Amino acid sequence: MADKTHFGLTAVDTVPLHEKVYLELVRALMSGQFAPGQKLTSRKLAKELGTSDMPVRSAFMRLQALRALSPMPNGSMEVPIISADRFSQLTAVRTILEGSATELAAALINGNNLRAIRRHCTELTLAARKGDIDDYLRKNYNFKFSIYRHCGNEQMIFLIETVWMQVGPFLRNLAMGFEDNLAAILDIDYHEEAVAAIEAQDGVRARAAIVRDINDGATHLLQHVKFPETRH
């Protein structure tokens, strides 16, 4: 809720509409709500968001520049389908950036933020046990960024978000191999170990847990997903 002013008025939201639309599409990409190869049109997204086409088209241009979307000949956009090589490269970048952000955050997270991280950790476990991949991906995004955003380095956060915009949709494939029992994904998920390390203010151990989480998930995907030969 917006803060009250001296006169008891509610402050007006000054975030431009085009920025709100962009941030909503970024969130959807990072949390795996769009699938690789999915076609996106400004008309359909504008209808769902309750806006005109213009702010959606503006967001498309920004996301294309970040390689999060690919242009189609008819003017629509496609969520990229990535090769095994590019996925491996993105994974390597993730381990460096997210590992570093976690180690930095472990020394800075305070009591209130730690409680929020614990809550996200619990929600992530419950989503896996519930067997809902959409909810699991949302909770995975919420959990990890509840850590990263406390690293104290805005440029690092920006780079992590840029990588997640590219890899987030592909994480939908984590469900492969767990079709009958998504809860088994917890065997390659180390969020509880990361939280325990953060609670102990052990940045090195927290970093190791996040890096293992990323690498084990990537190994699972490389084993279960049929990648295209040449698309990037």
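The values are calculated or read from the model by the stated rules, or taken from the named source; none is laboratory data. It should be emphasised that the depicted structure is a prediction, and the values quoted were computed from it without experimental measurement. Using ideal geometry, Cβ is built from the backbone for each residue, glycine included, and neighbour counts are taken over all protein chains shown. Quick note on the areas: whole protein, heavy atoms, side chains included, nothing else; ligands and nucleic acids left out. Shrake-Rupley method; radii C 1.70, N 1.55, O 1.52, S 1.80 Å.
Looking at region 32-139, what % of the alpha carbon pairs are farther apart than 16 Å? Numbers along the way, then the final one.
Values: 4243 of 5778 pairs.
The calculated P(r) of region 32-139 puts 73 percent of pairs beyond 16 Å.
Charges at C-beta only: +1 for Lys and Arg, -1 for Asp and Glu. How large is the resulting dipole of region 107-232 about its Cα centre, in Debye rounded to 20? Working shown, then result.
Details: 15 positive and 17 negative charges, 56 e Å.
Computed about the Cα centre, the dipole is about 260 debye.
With Rg and Dmax of the Cα atoms in Å defined as stated, name the option among [x] 20.1, 66; [y] 18.7, 63; [z] 15.9, 45 computed from the structure displayed.
So the structure-derived entry is [y].
Taking only protein heavy atoms and a 1.4 Å probe, what accessible area per residue, in Å², does region 52-143 have with all protein chains in place?
Values: 4310 Å² over 92 residues.
Ligands and nucleic acids excluded, the figure is 47 Å² per residue.
Between Met72, Ile198, Ile188, whose Cα lies farthest towards the positive end of the dipole of the chain when Lys and Arg beta carbons carry +1 and Asp and Glu beta carbons carry -1, centred on the Cα centre?
Met72
Round to a whole angstrom and tell me the spacing of the C-alpha centers of region 74-140 and region 175-232.
9
Cut-off 10 angstrom, C-alpha nodes, Gaussian network model of the chain. Which of Gln64, Gln155, Gln201 fluctuates the most?
Gln155
Going by amide H atoms built from the backbone, whose H comes under 5 Å of the H on Glu78, apart from near neighbours?
Leu40, Ser70, Met72
For region 43-98, what are Rg and Dmax over the alpha carbons, in angstrom?
For region 43-98, the Cα radius of gyration and maximum Cα-Cα distance read 14.4, 39 Å.
Select from Val79, Val163, Val204 the residue whose mean-square fluctuation is largest in a Gaussian network model of the chain (Cα-Cα springs shorter than 10 Å).
Fluctuation is largest for Val204.
Quick one: pull the percent of accessible area on the chain belonging to carbon and sulfur, 1.4 Å probe, ligands and nucleic acids left out.
On the way: 6530 of 12160 Å².
Solvent-exposed carbon and sulfur of the chain make up 54 percent of the total.
At 222 nm, what helix-only mean residue ellipticity would the chain give, in deg cm²/dmol to the nearest 500, using -39500 (n - 2.57) for each DSSP H run of four or more? All intermediate terms of the calculation are to be shown ahead of the outcome.
Numbers: 9 runs with 139 residues, N = 232.
Theoretical 222 nm ellipticity from helices: -19500 deg cm²/dmol.
Report ³J(HN,Hα) in whole Hz for each residue of region 200-207, in order, from the Karplus equation J = 6.51 cos²θ - 1.76 cosθ + 1.60 where θ = phi - 60°; Gly and Pro get x.
Result, rounded to whole Hz: 8, 6, 9, x, 5, 5, 5, 4.
In terms of Cα to Cα distance under 23 Å, which lysines are near enough to Lys47, apart from those fewer than 8 places away along the same chain?
Of all the lysines, those that pass the test against Lys47 - Cα under 23 Å, at least 8 places apart if same chain - are Lys20, Lys39.
Would you mind working out the magnitude of the charge dipole of region 56-111 relative to its Cα centre, with +1 at each Lys and Arg C-beta and -1 at each Asp and Glu C-beta, to the nearest 20 Debye? Walk me through the numbers on the way to the answer.
Details: 5 positive and 4 negative charges, 49 e Å.
So the magnitude is around 240 debye.
Dipole of the chain (Lys/Arg Cβ +1, Asp/Glu Cβ -1, origin at the Cα centre): which of Leu222, Gly50, Gly168 lies farthest to the positive side?
Gly50
Just how large is the dipole of the chain about the Cα centre, in debye to the nearest 20, putting +1 at every Lys and Arg Cβ and -1 at every Asp and Glu Cβ? Kindly include the intermediate steps, with their values, before the conclusion.
On the way: 27 positive and 27 negative charges, 115 e Å.
Computed about the Cα centre, the dipole is about 560 debye.
What accessible area per residue, rounded to a whole number of Å², is obtained for region 162-232 using a probe radius of 1.4 Å? It would help to have the intermediate numbers written out before the result.
Values: 3500 Å² over 71 residues.
I get 49 Å² per residue for this part.
From the backbone phi of region 94-101, what are the Karplus-calculated ³J(HN,Hα) couplings (6.51 cos²θ - 1.76 cosθ + 1.60, θ = phi - 60°) in whole Hz, Gly and Pro given as x?
4, 4, 5, 5, 6, x, 5, 4
Give a residue-ordered list of calculated ³J(HN,Hα) values for region 153-166 (Karplus: 6.51 cos²θ - 1.76 cosθ + 1.60, θ = phi - 60°; whole Hz; x for Gly, Pro).
9, 5, 5, 5, 4, 4, 5, 4, 4, 4, 5, 5, 4, 7
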